[in-house]
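The structure appears right after this line, and notes come after that.
The values are calculated or read from the model by the stated rules, or taken from the named source; none is laboratory data. Quick caveat, the model's predicted, so the values are computed rather than measured. Reconstructed Cβ throughout: ideal geometry from the backbone, glycine too, with neighbour counts over all protein chains shown. Heads up: the accessible areas ignore ligands, DNA and RNA and are worked out on the full protein's heavy atoms, side chains in. Shrake-Rupley method; radii C 1.70, N 1.55, O 1.52, S 1.80 Å.
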Amino acid sequence: MMDFTKWVLDNGLEVIVHEDHRCPIAAVNLWYHVGSKNERAGRTGLAHLFEHLMFEGSAHHDTGYFAPLQQAGASLNGSTSCDRTNYWEVVPTNALELALWLESDRLGYLLPALTAAKFENQRDVVLNERRQQYENRPYGLALMALMAAVFPSGHPYHWTTIGQTEDVQAATLDDAHEFFKAFYHPGNASLTVAGDVDTESALELVRRNFDEIQGGPPVASVVADGDRSMPRAEVRILLEDRVELPRLYLAWRSPRLFGEGDAGMDLLGEVLAGGKTSRLYRALVLDRQLATDVSAAQGSREIDGWFCISATAAPGRELAELDEVISGELNNLADAGPEEIELKRGITQIEAQFVYSLQTVGGFNGRSDQLNAYNVYTGDPGFMIQDRARYREATVGDLRDLTATQLLAERRVALSVVPTGAANRALAGSVRAEVS
Amino acid sequence: MPRFPVVRDGRLSNGLALKIAEHPGPPVVTFRLMMPVGSASDPPGSPGLAALTADLLDEGNADRTGLEVHAALDAIGARLGTEVSADATVISLTTLSRYASEGLALLADIVARPRFDDADVDRVRALRRSRLRQMRSAPSAVADRVFIETVYPEHPYGHLGVGTDESLAGFTRADVFGFHQDAYQLGIATLIASGALTHDQFVASAEGSFGKLTVRQPTKGAVAEPMCFNDVRALATNVVLVDRPGAVQSELRVGHVAAARQTPDYHALRVLNTVLGGQFVSRLNQVLREEKGYTYGVHTVFDCRRAPGPFTFQGSVQADATVESIREVLGQMVSIGGDRPVVPAELDLAQAALTRGFARGFETAGQVVRGIGQLVLHELPEDSYDRFVPEVEAVDIGGVTAAAKAHLHADRATIVVVGPAEVVGPGLDALGLGEVILVDALTDGE
C-alpha cells in the first residue's frame, strides 16, 4: 500500500523514498532515534530543548530555519517524544533540494552556529511552553504524576518529555554540544522523501547533500531497567489543581510497542472507551451519567508501555462512584471478554484509521512519518502490513486474558485530580503527588 | 500553478444543492452538509441554542436510537463531525469509499430526522453545562469568551456558540425542536462531496438518501442575515482583566471588529497578517518569542466572516512580561500602517508563503470539501481559488499600508488579560489606556 525504496548510505543514514504524484508537493521527514528516554537524571527535558535549537540556524545558513522555507511555500515542524525526535517539511516539488540542503546543514554543521544567546533564548521559550501547556492548563500536571508513578525511579520513562523546570534551567550550552555529538549523526537517523518525486533523482539529491556528513558513535540501546513488576501494590495519589470537576486516572504498565499483547491493548481501549457505543461511555456517561467524558488508550512505547483510563466526574458525583463502575466493567471483561461484536467494531475502527492515515504524504503521521516510524522501530519501512494484521488476528479470548493479566486492581496507579482545597474528594487513602 | 479540483454544481431531484469534486487517491470519501446557520442565529436571549440543537442531531431519529446511530457509524468506520461557528453549522462524515451510500443515508437521517427525545435533551444539555463550567478554569477559553463579549456588545457575534449557563438551563425539547424546524432546513443547505468516487457515483448515492428528503426554506427571520446586523459601536480602548491569582502566565487577546470575507481588501489583509503575526517569522512572533523569549508563540488572525469579523492577537506570555508584550502589540499594530511599513523583502516572503504553499491545502478530500464550503458560505465566485495566487501577487506595499490603516485600530482595541492581578495590575494601570475593568472568571456572560 506504500511502495518505497530503501538504502543505507556509507555514513549510516537510512534513506527511504516513496513516490506519489497526485499533488505537486514533496515531503521531507527526518527521524533521529533519540528522545527523553536517552536523557540522564538532572538533565531531563534536554532532548526537547535540543529540538528547539535545531530551528535556530546552522553554519552555512545562520539566520533561522523558517524564513527560507516559508519563502518557498513550505510548512514545517518538529516534535520530541520519549523515543524519537522528528523534523519535517512539506514543500512545493521544486523546493525539495532547499529542504534537503537545510536539513543536511543542521545535521552536519549545527554546532558552529549554536551560540549562548540562542541557547538562552530557546531555554526561555521552552520554559514558557511548559508554563502554557502544563503548569497553567487544567489537569496539565497529571501526566507527570502518572509517569513518575507508573514507571519507577531509574526507568527511562519515569519523566516526561518537557522535563523538570530545574533541569531545563540548569542545562548549559556544553550539555547541548555533548547531546548533539552523541545523538545527531547520520547513523542515528532515518530520512524519508515522499510525494511528487522521482526515486532515482530523489536519492541523488539526498546523496549530494548528506554523503559528506560523517557518521558518529553507535548509540547504545536504552533498556527498561526498572523492575517490570512495579508497581507491586496499588498506588493512590492525588493532585490539587485549578479545575472545576474531579478527574480519575487509572494507569498500568503494559506491553511495549509491537510487543506481545500490544495490539490487543489498543483494541481494549476501543472496547472500553472508543466512541459512544463503548462500554465505559455507555455505563458512565449515557446510562448512569456519573461522568462527563471517558477515555482509554494503550500508550505503546519503544521499550515499555502503559495503559490509561480516565474519566471526569459529572457535577455532584464522586470519583469513588466512577471507580466502582470502571472496576466492575474490567472485572466483567476479565471474566468473559468482550462480545464478538465489540471486538469487530474495534477492529473496524482501527482498520479505518489505517486508511485515513494514508491521505497525507507529509507532516505528523503522514505517510513519510509512518515509513520512518516503522523503519526506526522495526527496521522495515513496510511493516504496516504486519502491523495491520495484528489487529485482524486478535480474539475475544486474547482481550479477556489481557484484561485479566495486565489490568489488575492491585497493580494500578490511581491518580485523583481534584479542585484546589478539595483533597477529600480524591479516592480514599490517596497521598499527594510531588510534581511542579 | 496547481489548480483547485474541478467542482461540479448540481441539484438533486428534490432541489437540494450539491457540489462534487472527484479526488482520486486512498479509498476515502468525505461529505459536508453546510448550512449557513450558526450561533449568530441563536434567538435573542437564547445563546447556545444552535449548538445544542446541532449536538443533539446524532442522538437518534425515527428509525434508530442514538446508540443504534453510532453502532451503524461504527460498522462502516465512519467519522462524524459537528462544527458550529458564528455563521454556519456543518455536519461532516468521512468513510471508506465502499460505504459512501451507507454513510450518506446515515448523514441524511442525522441532519433531517432527529428525534430529540426529552431524556437526550436533558443529558446533552447537562454535558454542555459541565463543559461550560470546565471552561472557567481554562485561561484560553476564558480569554476567548471575554474578548468576544467585549468586542461585540449586543450583537449576534457577541457570544460563544456554547452559550451561557443561564440560557442552557432553560432550554427544553420544544426549543430545540422549534429551532431545528425553523432554521436547520435543507432549502439553504449545500451537500458537498469529495473523494475517490466518480461524479455519477456520488450523485447516485446522494439521490438514494438526501434526494428523498423534503427540501423547504427556513421560517422567515430564523436565520441571521449578516446585512441586518447592527453596527458595532466604535469602542474606546478597553482593558479587561480576569484575575487568575498565582498564574505563571497571562493569556492575552488584543483586537477589535475588522473586516467581512467579502471585503475587497481580503488579499491585502492576508498579506498584512502574514507579516504582522500570521506565521512563525512574523514581526510579533520574532520579537516576543525569538528575541525576548516571553512566550511559546503568538499569532494574529483576521477572522473574516459573513459580517465584519474580529482581528485578534492571541498568545500566552510569562506573567511578568504581560504589560511589555501588550505595549509591543499595540505599537506594531500602529507602526505597520505608519512609520514601519512593510518592506519589499517582507512583502516578497509573505506573498511567496501564501502562494507557493497553496497546493498543499487541497491534498485530502476533507480539505477539498472544506474549501468548497467556504466558497458557498461566503457566496464567492467559483474561480476564487484559481484567482487567489494572482490576487495575492497583485498586492503591493501601498496596498498593505492602506489595509493596515483601514483595518487595524490600536486606539480602539480591546485588551483582555487572564492572569495574576497582583503581578499585572499595576503595569496595566500605568499603560494609561483608561480604566482597567475587572471581570470574574466564574461568571459566564452575565
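Okay, here's what the table says:
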{"quantity": "Student exercise, chain B dipole from Lys, Arg, Asp, Glu Cβ charges, in Debye to nearest 20", "calculated": "680"}
{"quantity": "Formal net charge of residues neighbouring B:ARG244 (Cβ-Cβ distance under 15 Å; K, R +1; D, E -1)", "calculated": "-3"}
{"quantity": "Rounded tilt (10° steps) of B:66-75 against the dominant C-alpha axis of chain B", "calculated": "90"}
{"quantity": "Between B and A, accessible area buried - total, square angstrom, nearest 100, 1.4 angstrom probe", "calculated": "5000"}
{"quantity": "Pairwise centroid distance, computed over Cα atoms, of segment A:401-436 with segment B:100-146, Å", "calculated": "30"}
{"quantity": "Lys, Arg +1 and Asp, Glu -1 on Cβ, resulting dipole of chain A about Cα centre, debye, nearest 20", "calculated": "1040"}
{"quantity": "Table column - 3J(HN,Hα) (Hz), segment B:290-306, Karplus curve with 6.51, -1.76, 1.60, x for Gly and Pro", "calculated": "7, 9, 8, x, 6, 8, 6, x, 10, 8, 10, 8, 9, 8, 7, 10, 5"}
{"quantity": "Whether the protein assembly as shown is rounded, prolate or oblate, judged on the alpha carbon gyration tensor where a/c under 1.5 counts as rounded", "calculated": "rounded"}
{"quantity": "With Cα atoms, 0 to 90° folded angle of helix B:384-393 axis to chain B main axis", "calculated": "20"}
{"quantity": "Helix-only [θ]222 nm of chain B, DSSP H runs n ≥ 4, -39500 (n - 2.57) each, per residue, nearest 500", "calculated": "-11000 deg cm²/dmol"}
{"quantity": "Per DSSP, loop GluC sites (Glu not before Pro) in segment A:365-436 with at most 13 further Cβ within 10 Å", "calculated": "A:GLU434"}
{"quantity": "Gain on full stretching of the segment that runs from A:THR420 to A:VAL219 - 0.36 nm per residue minus C-alpha separation", "calculated": "67.9 nm"}
{"quantity": "Rounded percent of accessible protein surface that carbon and sulfur make up, chain A, 1.4 Å probe", "calculated": "49"}
{"quantity": "Per-residue SASA entry for B:GLU324, accessible area with 1.4 Å probe, Å² rounded to 10", "calculated": "80"}
{"quantity": "Potential extension, B:GLN374-B:ALA204 segment - 0.36 nm per residue separation minus Cα distance", "calculated": "58.7 nm"}
{"quantity": "Calculated FRET value between B:ILE397 and B:THR219, using beta carbons and R₀ = 56 Å, to 0.05", "calculated": "0.70"}
{"quantity": "Per-residue [θ]222 nm for chain A (sum of -39500 (n - 2.57) over DSSP H runs n ≥ 4, rounded to 500)", "calculated": "-11000 deg cm²/dmol"}
{"quantity": "Three-way shape call for segment B:1-85 based on the alpha-carbon gyration tensor, with the a/c threshold at 1.5", "calculated": "oblate"}
{"quantity": "Net charge of neighbours whose Cβ lies under 11 Å from the Cβ of A:ASP62, counting Lys and Arg as +1 and Asp and Glu as -1", "calculated": "0"}
{"quantity": "Mean-position separation - Cα centroids, segment A:377-400 and segment B:159-195, in angstrom", "calculated": "43"}
{"quantity": "Inter-centroid distance (Cα atoms) of segment B:9-87 relative to segment A:250-270, Å", "calculated": "34"}
{"quantity": "With every protein chain in place, chain B: carbon and sulfur % of accessible area (1.4 Å)", "calculated": "51"}
{"quantity": "Max mean-square fluctuation residue, GNM over chain B, Cα-Cα springs under 10 Å, options B:VAL417, B:VAL215, B:VAL343", "calculated": "B:VAL343"}
{"quantity": "Estimated inter-spin distance, A:GLU178 and A:ARG22, nm [label 7 Å along Cα→Cβ]", "calculated": "4.8"}
{"quantity": "Rounded, prolate or oblate (a/c below 1.5 giving rounded, otherwise prolate when a/b exceeds b/c) for chain B by Cα gyration tensor", "calculated": "oblate"}
{"quantity": "Dipole magnitude (debye, nearest 20) for segment A:235-432, charges at Cβ of Lys, Arg, Asp, Glu", "calculated": "360"}
{"quantity": "Sum of side-chain charges, A:GLY366 neighbourhood, beta-carbon under 14 Å (Lys, Arg +1; Asp, Glu -1)", "calculated": "-2"}
{"quantity": "Per DSSP, loop trypsin sites (Lys or Arg not before Pro) in segment A:269-331 with at most 12 further Cβ within 10 Å", "calculated": "none"}
{"quantity": "Residue (of A:VAL285, B:ALA365, A:ALA113) at the positive-pole extreme of the protein assembly as shown, dipole from beta-carbon charges", "calculated": "A:VAL285"}
{"quantity": "Of A:PRO246, A:LEU13, A:PHE307, farthest towards positive along the dipole that unit charges on Lys, Arg, Asp, Glu beta carbons give the protein assembly as shown", "calculated": "A:PRO246"}
{"quantity": "Crossing angle, helix B:118-135 versus chain B [Cα axis fit, 0-90 degrees, rounded to tens]", "calculated": "20"}
{"quantity": "Cleavage-rule hits, GluC sites (Glu not before Pro), segment B:70-173, DSSP coil, Cβ neighbours within 10 Å at most 16", "calculated": "B:GLU154"}
